[in-house]
1. Provide the gained length on full extension for the span residue A:408 to residue A:15, in nm with one decimal, where the gain is 0.36 nm per separating residue minus the Cα-Cα distance.
2. What does the average come to when, for each residue of peptide B:112-122, you count the partner chain Cβ atoms lying within 10 Å of its Cβ?
3. Run the label-point distances for residue A:172 please: 7 Å along Cα to Cβ, every other copy, nanometres, shortest first.
4. Across peptide A:198-210, how many C-beta atoms of other chains are within 10 Å of each residue C-beta, on average?
5. So what's the angle, to the nearest 10 degrees on a 0 to 90 scale, between helix A:330-339 and the longest Cα principal axis of chain A?
6. Given axes a ≥ b ≥ c from the Cα gyration tensor, I'd like to know whether the stretch B:345-389 is rounded (a/c under 1.5), prolate (a/b larger than b/c) or oblate.
7. Given the C-alpha centroids of the stretch A:349-390 and the stretch A:91-115, what is the distance between them in whole angstrom?
8. Bin by bin, in steps of 20 Å, what percent of the Cα pairs in chain B do you find, going until the bin that has the longest distance?
2 protein chains.
Amino acid sequence: MADEKLTPRSENYSDWYNQVILRADMADYSPVRGCMVIKPYGWTLWENIQHELDRRFKATGHVNAAFPMLIPKSFFEKEKDHVEGFAPELAVVTIGGGQELEEPLVIRPTSETIIGYMFSKWIKSYRDLPLLINQWANVVRWEMRTRLFLRTLEFYWQEGHTAHSSEAEAKEETLRILDLYADFAINEAAVPVIKGIKSESEKFAGAMETYSIEAMMGDTKALQAGTSHHLGQNFAKAFDIKYLDNNNELQYCWTTSWGVSTRFIGAIVMTHGDDNGLMLPPRIAPYQVVIVPIYKNDEERSRVMETVQNVTRQLEAFRVKVDDRTELTPGFKYHEWELRGVPLRLEIGPKDVEKNSVMAARRDMPGKAGKTILSQENLGPQVGALLDTIQAAMLKRATEFRDANIHWANNYDELKQIVENGWAEAWWCGSRECEAKIKEETKATTRCIPLNQENSEHGKCIYCGNDAQQKIYFSKAY
Amino acid sequence: MADEKLTPRSENYSDWYNQVILRADMADYSPVRGCMVIKPYGWTLWENIQHELDRRFKATGHVNAAFPMLIPKSFFEKEKDHVEGFAPELAVVTIGGGQELEEPLVIRPTSETIIGYMFSKWIKSYRDLPLLINQWANVVRWEMRTRLFLRTLEFYWQEGHTAHSSEAEAKEETLRILDLYADFAINEAAVPVIKGIKSESEKFAGAMETYSIEAMMGDTKALQAGTSHHLGQNFAKAFDIKYLDNNNELQYCWTTSWGVSTRFIGAIVMTHGDDNGLMLPPRIAPYQVVIVPIYKNDEERSRVMETVQNVTRQLEAFRVKVDDRTELTPGFKYHEWELRGVPLRLEIGPKDVEKNSVMAARRDMPGKAGKTILSQENLGPQVGALLDTIQAAMLKRATEFRDANIHWANNYDELKQIVENGWAEAWWCGSRECEAKIKEETKATTRCIPLNQENSEHGKCIYCGNDAQQKIYFSKAY
């Protein structure tokens, strides 16, 4: 498979995407409509993502727990926007142990309702606050059109749920998590996301405010890569989450929720991938280094493999794959590991054994430019430095690509052109009508209102020309 | 809550069990019948269990993946024993996205079927074997009578699924995992399990052979703490899992599956807990050490807390909780952390500040006998050594308890008496009838046929008196 050419991105981006994922052995289709199998290579990437997010959650005082996957259907009806948003997407269990259930159970599409119910049991006084909980879970949303990683009936994510004694503290938490997500995306995945707030029509069903990190894919479309919701007192009122304040008065809590899912893997594929395949950021790549031995006969093989073993021992701090399959040529292996996106390849042949050297080839720089001869002495630090260089170069390239494809729109005609192949930034009056018209006419949706806009600035709405107090991004999106 | 006495184990073991779990803040009941919420303290214990199992799986060449939770109902009908075993326990999704589904989907009670389907797609030749896959997942079995951790509708586990080219290799894998489970149970959880093979009537639905690790709880009942199944070619034939051997001939694979679940937490609670509460083995305890500062006024507090900080810095290699809640007395805190099973408590008061000392109290030895004065100098190694001592003492105590409560039954009357309060070991002819009669008359089930019995030995069946070639354990069980 690895020797067949991928469809070039310029020819059909969507075909390229599916082919890369299948041929890199990240995932496979399953016999269940809209559900995928995440294969070991893809799941290891997810484990590395989990590890990096989880340590950030724990460092900021969050703890993990597990809540039931099955939720009484009536729970969804307690928050009116929530039920409207999720009712069409529910998977419903109606039979258990051979019996029709009295009340159907829903497979969680998200867990605000059941966690809200438990919070109302657990929270008594201000001393119990803030309550900072996360769970790693699978959820099901009945999607009609599905895509590997991007949109599947079942997907995997973390969902954070917190309760606070004041609006200010809940908002602070919402933004702390937004920053945490952006830090993870930029510094671990080399995905240069933009932080902002979603429009009313794009926010989470039941939230007061939704913040997101937005990433630009290789075809310039946007992908929402994580969201953090300030839920106000909506769920506290629906589920009676109250605390006694220090004046001994009952108050409703303020809650938040936030999530990053396996969708993020799609973001990594489409941010970094090229026509040769995946390109994985060293900090979270399942294999950071692949070692390919080169030999022509058994005598060479035995000398080369001895050096490979010595080199591998020096690289114990890294995630290393030694590809010693005897039935395949080195060239075939190069292509395969390029396709699978391993950041650094080390080639070791008889000449390297002689010269005490190793040939290093960077995934992010094809051809000669990306090749360096390393010494076998003190190899660990050299490899570490190269991986850092690759990580930084990937972030730089993706950031430059993003910035080159965001344009200021002075008028609606410009916007229409820009969103054909990029993101448009423009003044927006904030009305649902303008947003809906733009979507209808251009297929571009509002992505987010970037943070830290000067309050004093004003402009005219790109659509209706009325006074506008905020700039927003428009683009086509996944 | 922590100052209320627990029901003593001797009075009502089952009440004691539920109280310990709820009051130690391990878990809570949920509004969904038979489903529990695993709270952060319980989930952290599970994460530590996961970590120890997962590194053993990876060290033996297994990789993690994720398969859909929803399985077409027809898949269950392909292996006749499997469907018989699981049909009564299925939760069935009949509605998705507001529409009745053409084919109902079952929430996995276990994943042999869907993984078998995928294996048949992935395996082409002997080069693809062995295929060694594990997944960490939630599963649902519609149980009628549920107990926290021991038996819940939804539970969490790992399920390993492997495919091999020969019967011998599959059997070797089954036993490798059994050893791995026993090693984990004994050396991490200090649960002295016995390895053995299940009887025909107790084996997994669809397996050729089921091996298990069996643990003795504090009330002498048995708990099956992990199982490893040699599936023969049953699932390979049902799902057409075939490979081309090196003679280019198509052969069916031999498969295995194996699992340990959150049930294991129940095993830990009931192996080690005493009338004061939980007792957690240091190697997997969420907190290995709790530090309780002692002071009478603010001046003392500030001196003590300085020492606490210095001590904490020295213990960075351990999982340490500093309980600096000002509204509670040290005595209250001692009781609470005893209840929650923290292996080692460090008390630091003004005298310790003066004398450069720390008072250490072992959870496994109540009163003065478990107290040692440590020096603040070089505290890390002292604490490390104490935790090792506690871990070893817990295993020793549990092993002695187990061995004191297993008795050889010379005749059926003896067996009946023994299983009232212990495990009976006895000759068994292997017939389902004898096993069923014993169960009916004594409520004791066969636990396992311990491994490594002398082939030459013979005896007379404890029930029918016919020739018996194997010894087996009988006991009441969870």
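1. On the way: separation 393, 0.36 × 393 = 141.48 nm, distance 3.05 nm.
The span from residue A:408 to residue A:15 would gain 138.4 nm if fully extended.
2. Details: counts 0, 1, 5, 1, 0, 4, 6, 0, 0, 5, 4.
Partner-chain Cβ atoms within 10 Å, mean over residues of B:112-122: 2.
3. Relative to the other copies, residue A:172 has label-point distances of 6.0 nm.
4. Values: counts 0, 0, 0, 0, 0, 0, 0, 0, 0, 0, 0, 0, 0.
The shielding value for this peptide is 0.
5. Between the helix axis and the principal axis of chain A, the angle is about 10 degrees.
6. On the way: a/c = 2.79, a/b = 1.28, b/c = 2.17.
Oblate.
7. Rounded to whole Å, the Cα centres lie 55 Å apart.
8. Whole-percent P(r) values from 0 Å outward: 21, 49, 25, 4, 0.
Values in this text are rule-based calculations from the coordinates and carry no lab data. In this text, all values refer to a predicted model and were calculated from it rather than measured experimentally. Here the Cβ is made from the backbone with ideal geometry for all residues, glycine too, and neighbour counts use every protein chain on show.
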